[in-house]
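Participant: This is the structure, below, for whatever I ask next.
The values are calculated or read from the model by the stated rules, or taken from the named source; none is laboratory data. If you're wondering where the values come from, they're calculated on a predicted model, not measured in any experiment. A quick note on method: Cβ atoms are made from the backbone with ideal geometry, for glycine too, and the neighbour counts reach across all protein chains shown. Protein only, heavy atoms only, side chains kept; ligands, DNA and RNA dropped before computing areas. Shrake-Rupley method; radii C 1.70, N 1.55, O 1.52, S 1.80 Å.
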Amino acid sequence: MKQNFTVRQGALDGVEAFLSVARHRSFRRAAAELRVTPSAMSQAVRALEARIGAALFTRTTRSVGLTEAGERFISRAKPAFEELVAAREAARDLGQRPTGLLRLSVPRAVVPILLEPLIASFCQAYPEVEVEIAASEELIDLAAEGFDAGIRMGQFVAADMVAVRLTPPFPLVVVSSPEYLRRCKRPERIDDLRQHACLRMRRSNGSIAPWSFVDGNKTVEAIVSGPLIANDFPTMLGAAIEGAGLAQVPAPIAAGAVNAGKLVHVLKPFAPMAPGVFLYFPSRHQMMPKLRAFIDHVKSRSDAASKIRTLKSARKQK
């Protein structure tokens with residue numbers, strides 16, 4: 001037989017009053033505890049008894065005791081009501097200070113260049129927040145999948161999301177290993193890519209992304225071909241380092257390999273600018289303290305890094 005778990009409106013009315021009277025064995029003391037009048041307390045209990053259909057208390061001018069029905073009711077109602085109070089306090093706690101589980105959906109490439117330097121300091125600053133990072137290239141529905149926020153390049157953030165900038169704009173660069181360029185002539189023009197092995201990216205919607213360039217005032221999209229299709233930048237970058245071909249990736253992702261001499265830039269004058277990386281989430285009205293704390297932490301670290309870069313630049317100019 002299917003049970004109906006629908007709770008009628010007002011079904012819990014009077015339960016807190018009943019439990020207080022049962023604890024104090026006094027309507028007057030219970031009324032003082034809940035800051036209502038004894039008359040209001042009596043009315044709440046009588047209304048509860050009417051809904052249940054049984055007397056819960058035996059009352060005399062000198063004492064208040066539980067009936068058998070009252071004893072049975074309190075044995076179930078007291079632990080259930082305590083659980084409700086605990087649930088309320090747990091939910092309220094999440095809404096008042098940074099605590100709980102912070103779930104972030106991020107591309108794999110973002111983890112080492114953006115999140116790794118931040119996570120340790122954030123966890124130290126907010127020890128009551130647990131951080132879960134789901135590294136994926138999929139553009140998921142944050143609310144449906146239970147994520148607090150996502151991190152993506154700006155062009156992939158939906159218009160109805162609240163976006164917070166995490167990085168300044170950066171170029172999309174074409175890189176190659178020195179070994180590949182020893183085998184194949186360095187491309188000097190966009191059209192030269194037709195003669196080269198180009199590593200390509202498959203988007204989350206299934207299409208293969210063209211390579212983007214700027215030529216003077218024009219934006220140019222090049223359809224390239226090559227031996228590898230990947231769905232994330234780290235895989236493409238690794239293949240480029242091994243000499244499989246050319247790869248077009250965000251400059252910050254390639255910076256480490258370029259500085260180490262494992263990759264070199266090609267077609268640098270034609271590199272377009274990407275809008276940068278953003279943290280995004282559905283609504284400011286739904287922002288919990290744990291997410292606000294993370295955003296503030298990221299911003300403070302970004303501001304500090306920006307000031308250091310400005311000081312270094314100023315010293316070089318002197």
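Participant: Taking Cα atoms of the chain, Rg/Rh with Kirkwood Rh, to two decimals? Don't skip to the end; give the middle numbers.
Facilitator: On the way: Rg = 31.5 Å, Rh = 25.1 Å.
Ratio of gyration radius to Kirkwood radius: 1.26.
Participant: Another one. Take the range 27-177, drop everything but the C-alpha atoms, weight them equally and run the Debye formula without solvent; then report log10 I(q)/I(0) at 0.09, 0.12 Å⁻¹ to two decimals.
Facilitator: Listed by q, the Debye log ratios stand at -0.58, -0.73.
Participant: Using only Cα atoms and rounding to the nearest 10 degrees, what angle (0 to 90) does helix 289-317 make with the longest principal axis of the chain?
Facilitator: 30
Participant: State the three equivalent ellipsoid semi-axes of the range 170-283, derived from the C-alpha gyration tensor as the square roots of 5 times its eigenvalues, in descending order and whole Å. Could you put the intermediate results ahead of the total?
Facilitator: Numbers: eigenvalues 95, 55, 45 Å².
Equivalent-ellipsoid dimensions as semi-axes: 22, 17, 15 Å.
Participant: Moving to a separate point now. Starting from 0.36 nm per residue, how many nanometres of slack lie between Phe156 and Asn259 once their C-alpha separation is accounted for?
Facilitator: Values: separation 103, 0.36 × 103 = 37.08 nm, distance 2.81 nm.
Going from the current span to full extension adds 34.3 nm.
Participant: Tell me the carbon and sulfur percent of the accessible area for the chain, rounded to whole percent, probe radius 1.4 Å. Working shown, then result.
Facilitator: On the way: 10030 of 19010 Å².
The nonpolar share, carbon plus sulfur, comes to 53 percent.
Participant: For the chain, modelled as a Gaussian network with Cα springs under 10 Å, which listed residue fluctuates most, Thr61, Thr99, Thr219?
Facilitator: Result: Thr61 has the largest fluctuation of those listed.
Participant: OK, next. Roughly speaking, what is the stretch gain from Arg202 to Lys78, that is 0.36 nm per residue apart minus the C-alpha to C-alpha distance, in nm to one decimal?
Facilitator: Numbers: separation 124, 0.36 × 124 = 44.64 nm, distance 5.72 nm.
Separation in residues times 0.36 nm, less the Cα-Cα distance, equals 38.9 nm.
Participant: What FRET efficiency do you get for Asp192 and Lys218 if R0 is 25 Å and r is their Cβ-Cβ distance, rounded to the nearest 0.05? Please list the in-between numbers first.
Facilitator: Details: r = 17 Å, r/R0 = 0.69.
Rounded to the nearest 0.05, the efficiency is 0.90.
Participant: All other residues with a Cβ under 15 Å from the Cβ of Ala144 taken together, and with Lys, Arg as +1 and Asp, Glu as -1, what is their net charge?
Facilitator: Working: positive: Arg103; negative: Glu138, Asp141, Glu145, Asp148, Asp160.
That works out to -4.
Participant: Given H placed on each backbone N at 1.01 Å, which residues far from Phe57 in sequence or on other chains put an amide H within less than 5 Å of it?
Facilitator: Close amide H contacts, sequence-distant or interchain: Thr67.
Participant: Same structure again: Got a sec to turn the phi values of the range 196-203 into Karplus ³J(HN,Hα) couplings, 6.51 cos²θ - 1.76 cosθ + 1.60 with θ = phi - 60°, whole Hz, x for Gly and Pro?
Facilitator: For the range 196-203, the Karplus-derived couplings read 10, 7, 10, 8, 10, 10, 8, 6 Hz, x marking Gly and Pro.
Participant: Tell me what the chain gives for mean residue ellipticity at 222 nm when only DSSP H runs of n ≥ 4 count, each as -39,500 (n - 2.57), the sum divided by the residue total, rounded to 500 deg cm²/dmol. Please report the intermediate quantities before stating the final value.
Facilitator: Working: 10 runs with 129 residues, N = 318.
Mean residue ellipticity at 222 nm (helix-derived): -13000 deg cm²/dmol.
Participant: Next question. Sort the range 99-146 into rounded, prolate or oblate with this rule: let a ≥ b ≥ c be the square roots of the eigenvalues of the Cα gyration tensor; rounded if a/c is under 1.5, and if a/c is not under 1.5, prolate when a/b is larger than b/c, oblate otherwise. Before the final figure, lay out each step's value.
Facilitator: Working: a/c = 3.99, a/b = 1.27, b/c = 3.14.
In terms of gyration-tensor shape, oblate.
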